[in-house]
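The structure appears below as structure tokens.
The values are calculated or read from the model by the stated rules, or taken from the named source; none is laboratory data. Keep in mind the model is a prediction, meaning the values are calculated, not measured. Please note: Cβ atoms are built from the backbone with ideal geometry, for glycine as well, and neighbour counts cover all protein chains shown.
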Amino acid sequence: MQLRELDEHVTYASQLQENGGPVVLFNLFTVAPEDADRFLDVWADDAAFMKRQPGFISTQLHRGTAGSSTFVNVAEWESARALGEAFRSPEFQARISRYPDSAVASPHVFERIGVPGI
């Protein structure tokens, strides 16, 4: 699987060093249409792994409509550091090779902000 940064100034790796939280991970995935079913199987297995990791709160996968093979994972973690520890674990790193070669991931970590009146 290829990794494509969403922000050219702040890398995903640098975000995983932060200790603030809670945080929300948005991970945009694109895959070839013929690889969508395999992607879903691998992602579900990885989600079950992440669910067991310290600091995990929740996750939900979304798929584009009209037969799209674009997906967005939205996951909540107690902190970016907890997400980073899970992501960098040898077990999770070994899992990445199971994704289809056509898969491109664009992860980025966000925090909620308050907007007055909204």
### Task
Out of ALA103, ALA48, report the one residue that is buried (at least 18 other Cβ atoms within 10 Å of the Cβ) and not β-branched (Val, Ile, Thr).
ALA103
### Query
Across segment 51-79, which residue is surrounded by the fewest Cβ atoms within 10 Å (Cβ to Cβ) among those that are at pLDDT 95 or above, in contact with a helix residue (DSSP H, G or I) (Cβ under 8 Å, 6 or more places away or on another chain) and outside any strand (DSSP E or B)?
PRO54
### Query
For segment 70-96, what are the residues that are over 15 Å from the mean Cα position of the chain (by Cα) and of a type in the set (Gly, Ala, Ser)?
ALA94
### Query
When both residues are 6+ apart or on different chains and their Cβ atoms are under 8 Å apart, which pairs have a first residue that lies in segment 87-112 and is under 14 Å from LEU3 (Cα atoms) and in a strand (DSSP E or B), and a second that is modelled with pLDDT of 95 or more and among the charged types (D, E, K, R)?
VAL104/ARG4; ALA105/ARG4; SER106/ARG4; SER106/GLU5; HIS108/GLU5; HIS108/ASP7
### Flag if ARG63 is basic (Lys, Arg) and over 23 Å from VAL10 (Cβ atoms)
yes
### Query
Would you say SER79 is out of contact with any Gly (no Cβ under 9 Å at 6 or more places or on another chain), polar (S, T, N, Q) and farther than 18 Å from GLN2 by Cα?
no
### Task
Please work out which residue is nearest to TRP77 (Cα to Cα), limiting yourself to segment 16-49 and to residues that are modelled with pLDDT under 95 and polar (S, T, N, Q).
ASN19
### Message
Just checking, does segment 29-46 include any residue being assigned to a strand (DSSP E or B) and either touching a strand residue (DSSP E or B) at 6+ places or on another chain (Cβ under 8 Å) or not hydrophobic (A, V, I, L, M, F, W, C) (or both)?
### Response
yes
## Note on the structure
Within segment 80-100, the residues that are of a type in the set (A, V, I, L, M, F, W, C) and either buried (at least 18 other Cβ atoms within 10 Å of the Cβ) or closer than 19 Å to THR11 by Cβ (or both) are ALA80, ALA82, LEU83, ALA86, PHE87, PHE92, ILE96
